[in-house]
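The values are calculated or read from the model by the stated rules, or taken from the named source; none is laboratory data. The structure presented is a predicted model; accordingly, all values stated were derived computationally and were not measured. Neighbour counts are summed over all protein chains in view; Cβ atoms, including those assigned to glycine, are modelled from backbone coordinates with ideal geometry.
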Amino acid sequence: MTNNKMTHASAVREGLAEEMRRDPLVWALGEDLSTAHGGTSADQYRGLIDEFGEKRIVNTPISENTIMGAAVGAAVAGTRPVADLRMADFAMCAVDELVNQAAKIRYMFGGQARVPLVVRQAIGVRKGGAAQHSQSTEAWYIHTPGLVVVAPATAADAKGLMKSAIRADDPVVYMEHKDLWMAEGEVSEDPEELVEIGKASIMKSGSDLTLVSWSKMALLSLEAAKILEVDNISVEVINLRSLWPWDKDLVYKSVSKTGRLLVAQESVQVAGFGAEISADVTENLNDQLKTHVRRIGAPRTPVPYAETMENEYRVTTERIIEKVKELMS
Amino acid sequence: MKAKNSTNYPDRILEMYKTMTLIRAFEEIAEEAFDAGLVNGSIHQYIGEEAIGTAVCANLKRSDYILSNHRGHGHAIAKGADPEAMMKELLGREGGTSGGKGGSMHIADFSVGMLGANGVLADGLTMGVGAAQALVLREENAIVAVFVGDGTTNRGPFYEALNWAMIYKLPILFVCENNTYASSTATQTVTAGPGPVARAEAFGMPAFDVDGNDVCAVDEIAGTLIEKIRNGHGPHFLHARTYRIKGHISRDKMLYRPEGETEAHLVNEPLLKCKDWMIKNGIKQKEIDDISSMAYEQIKEALEAAKNAPFPDKTLTYTDVQDLGNPYLGGSS
């Protein structure tokens with residue numbers, strides 16, 4: 001099997017199409033799925049309506065409660081829906097159906113039912129997106145028992161995680177970064193090439209410091225690590241890929257080696273997932289640490305609009321570099 | 001009460017009377033258990049509304065699905081759930097319908113197509129349309145019935161789900177049980193417009209009104225609508241007028257209710273109405289009394305069995321959360 005270069009949007013579309021060919025009970029629902037747009041203006045569903053028809057590529061009204069609720073009902077009734085809520089900001093309209101129903105049904109009904117669904121919701125600051133189109137809410141769902149949360153950083157991860165999410169019997173919150181939809185990467189043609197949920201990847205090996213991140217922030221972390229080589233600082237970059245469950249083994253192993261940990265996240269730092277990773281590592285690996293664990297994340301403000309303020313808000317490669325140097329000094 | 005021109009109709013009414021009595025017995029004995037401190041949570045009783053769930057489910061097959069709300073005991077029994085397992089669930093014991101993990105508000109029995117009572121109003125509607133979509137995708141010849149109350153017609157997802165059911169022409173019956181109270185508020189005082197039927201009709205959905213205390217009438221209209229749904233005519237809406245004889249929950253003192261209101265409704269309650277019909281149609285009083293005493297006997301035994309059942313092991317707290325990232329036993333992760 002060869003690799004093809006393609007965008008994240010196309011990679012996920014291929015992954016979905018492969019799973020739909022493999023299993024006739026896989027279907028997708030959401031706004032604009034069968035229009036010429038093919039999804040949230042990024043081709044995620046382009047052409048799928050022609051191959052799979054309107055019963056399996058369901059173009060829905062703007063009804064987030066029902067997009068999510070219907071996915072839950074259809075999942076307990078024996079199918080595997082992929083519900084697209086466009087942006088994490090809009091997905092808040094459907095938090096009830098996701099948190100009160102999808103996450104709880106298996107448990108509160110004593111294991112009588114499973115809820116095998118995927119819910120796509122895009123995260124990340126998109127230029128000019130402002131307060132309601134740029135939020136990253138992964139911590140909300142990591143905090144919710146019953147949910148699995150993934151956030152890919154590369155096109156290959158995007159495809160492989162979508163396939164694993166569809167095959168999982170748990171409800172999976174699939175958080176893709178809006179800036180990465182059109183970013184390109186190498187993607188396998190092999191329909192059985194999956195990315196295992198719960199397994200992180202090492203994007204760059206290093207010996208001085210472990211830099212843990214996910215989604216677009218993993219790419220910025222990698223960029224930072226490459227620049228830091230010039231200063232003879234050897235950073236190990238871990239791309240978590242999966243946030244719940246997260247790959248503690250790999251993070252522990254790396255921190256045991258480097259003795260230093262920085263977690264970089266795009267979302268609001270306060271009570272973010274970085275806090276959980278930092279606390280966990282501090283609790284469990286304290287004797288291995290050469291210095292305090294550090295975090296970098298967004299300030300606790302809404303995402304501003306004007307470029308000056310938006311840049312002030314963003315976690316950038318430069319800021320990551322600064323933080324690493326602080327830790328190394 | 002109306003009667004169908006069918007020779008075996010009295011038998012059908014007797015069967016439905018049995019179910020209604022079983023529900024009534026369950027609710028009354030569950031309240032006794034609650035008062036005795038045996039129920040860990042609260043219970044929402046279906047007393048006075050038994051005819052609706054009973055008659056709708058009498059027209060459903062085992063392979064059909066129902067979705068219920070917080071007042072779900074009657075729907076579960078009518079769809080065929082085991083009252084003993086339900087009583088164990090109320091008492092939080094081993095052998096409960098959800099193994100003691102859900103309680104009264106989360107009674108479910110997937111083996112009979114009862115996809116769950118629910119603690120959040122209107123979620124049965126959105127999940128119900130999804131279940132109907134799954135039936136279509138799986139090419140199953142089955143339908144979905146969703147039970148909601150009058151209060152739910154003021155939640156947004158009610159409208160989303162009705163619209164959704166119409167645009168995809170789904171095999172689903174919406175049953176609005178109008179018991180006049182939304183928690184402790186008289187629904188009429190917080191609801192604009194002419195009512196649920198008009199609201200459903202706004203979507204172009206065929207909608208009907210029925211005396212929900214008349215089991216024969218509900219049976220007749222539900223039978224007609226369900227047949228239409230089975231034959232591919234899309235969603236239908238049934239508004240059944242009734243009265244919640246008890247409070248919102250079992251410990252509700254009903255201070256908001258005008259004096260004498262409950263008593264005035266007792267003459268119209270569905271079991272009494274059904275009994276009158278049966279006597280007028282030649283069914284012997286003794287036969288009716290026997291049904292009643294058998295039902296109470298069965299539920300008393302269910303309560304005894306529940307009291308004697310062990311509590312679930314505390315380690316079960318950690319099971320059935322999720323496959324990936326399941327919590328460690330006793331840990332915080």
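So the values come out like this:
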item	result
Residues of region A:294-306 classified as out of contact with any Gly (no Cβ under 8 Å at 6 or more places or on another chain) and either of a type in the set (D, E, K, R) or not assigned by TED's automatic domain parsing to the domain that holds residue A:255 (or both), total	2
Criterion: buried (at least 23 other Cβ atoms within 10 Å of the Cβ) and modelled with pLDDT of 95 or more - qualifying residue of B:198, B:142, B:131	B:131
Counted residues, region B:144-170 - those being within 12 Å of chain A (Cβ to nearest Cβ) and part of a loop (DSSP other than H, G, I, E, B)	4
Test set (1) in contact (Cβ under 8 Å) with a residue 40 or more places away in the chain; (2) assigned to a loop (DSSP other than H, G, I, E, B); (3) within 14 Å of another protein chain (Cβ to nearest Cβ) - residue A:251 fails condition number	(2)
Evaluation of residue B:74 against (1) farther than 26 Å from residue B:208 by Cβ; (2) under 13 Å from the mean Cα position of the chain (by Cα); (3) not in a loop (DSSP other than H, G, I, E, B) (one fails), failing number	(1)
Residue satisfying condition, being outside the structural domain of residue A:152 (by TED's automatic domain parsing), farther than 22 Å from residue A:125 by Cα, among the polar types (S, T, N, Q) and out of contact with any strand residue (DSSP E or B) (no Cβ under 8 Å at 6 or more places or on another chain), within set A:291, A:316, A:258	A:291
Selection count, region A:199-220, where residues are within 16 Å of the chain's Cα centre (by Cα) and either at positive phi or in a loop (DSSP other than H, G, I, E, B) (or both)	4
Test: residue in region B:81-90 that is among the basic types (Lys, Arg) and either surrounded by fewer than 24 Cβ atoms within 10 Å (Cβ to Cβ) or outside any loop (DSSP other than H, G, I, E, B) (or both)	yes
Residues that are touching a Phe, Trp or Tyr at 6+ places or on another chain (Cβ under 9 Å) and surrounded by fewer than 20 Cβ atoms within 10 Å (Cβ to Cβ), drawn from region B:168-186	B:180, B:184, B:185, B:186
Which listed residue, of A:168, A:131, A:122, is more than 30 Å from residue B:90 (Cβ to Cβ), crowded, with 24+ Cβ neighbours inside 10 Å and either among the hydrophobic types (A, V, I, L, M, F, W, C) or more than 9 Å from chain B (Cβ to nearest Cβ) (or both)	A:122
Scan of region B:119-132 for residues that are more than 7 Å from chain A (Cβ to nearest Cβ) and either aromatic (Phe, Trp, Tyr) or over 14 Å from residue A:103 (Cβ atoms) (or both), ordered by number	B:121, B:122, B:124, B:125, B:132
Count - residues of region B:133-143 that are more than 7 Å from chain A (Cβ to nearest Cβ) and within 19 Å of residue B:75 (Cβ to Cβ)	2
Residue within region B:24-46 that is of a type in the set (A, V, I, L, M) and under 20 Å from residue B:222 (Cα atoms) present	no
Near pairs, Cβ below 7 angstrom, 6+ apart or cross-chain, from region B:185-201 (on the phi > 0 side of the Ramachandran plot) to any residue that is among the charged types (D, E, K, R) and surrounded by fewer than 13 Cβ atoms within 10 Å (Cβ to Cβ)	none
Failed item in (1) among the β-branched types (Val, Ile, Thr); (2) in contact with a strand residue (DSSP E or B) (Cβ under 7 Å, 6 or more places away or on another chain); (3) assigned to a loop (DSSP other than H, G, I, E, B), with residue B:43 passing the rest	(2)
Residue count for region A:49-107, restricted to those that are touching a residue at least 60 places away in the same chain (Cβ under 8 Å) and either among the polar types (S, T, N, Q) or closer than 17 Å to residue A:23 by Cα (or both)	3
Test: residue in region A:88-100 that is within 8 Å of chain B (Cβ to nearest Cβ) and surrounded by fewer than 21 Cβ atoms within 10 Å (Cβ to Cβ)	yes
Sole residue being within 14 Å of another protein chain (Cβ to nearest Cβ) and in contact with a helix residue (DSSP H, G or I) (Cβ under 9 Å, 6 or more places away or on another chain), chosen from B:298, B:322	B:322
Among the candidates A:236, A:223, A:196, A:176, residue that is part of a strand (DSSP E or B), among the acidic types (Asp, Glu), modelled with pLDDT of 95 or more and farther than 18 Å from residue A:44 by Cα	A:236
Output for region A:57-87, where each listed residue is within 7 Å of chain B (Cβ to nearest Cβ) and surrounded by fewer than 24 Cβ atoms within 10 Å (Cβ to Cβ)	A:61, A:63, A:78
Within region B:104-143, tally of residues that are touching a residue at least 40 places away in the same chain (Cβ under 8 Å) and part of a helix (DSSP H, G or I)	11
Any hit, region A:283-291, residues being surrounded by 12 or more Cβ atoms within 10 Å (Cβ to Cβ) and closer than 26 Å to residue A:131 by Cα	no
Of all residues making up region B:91-115, the number that are at the interface with chain A (Cβ under 10 Å from one of its Cβ atoms), of a type in the set (S, T, N, Q) and buried (at least 24 other Cβ atoms within 10 Å of the Cβ)	2
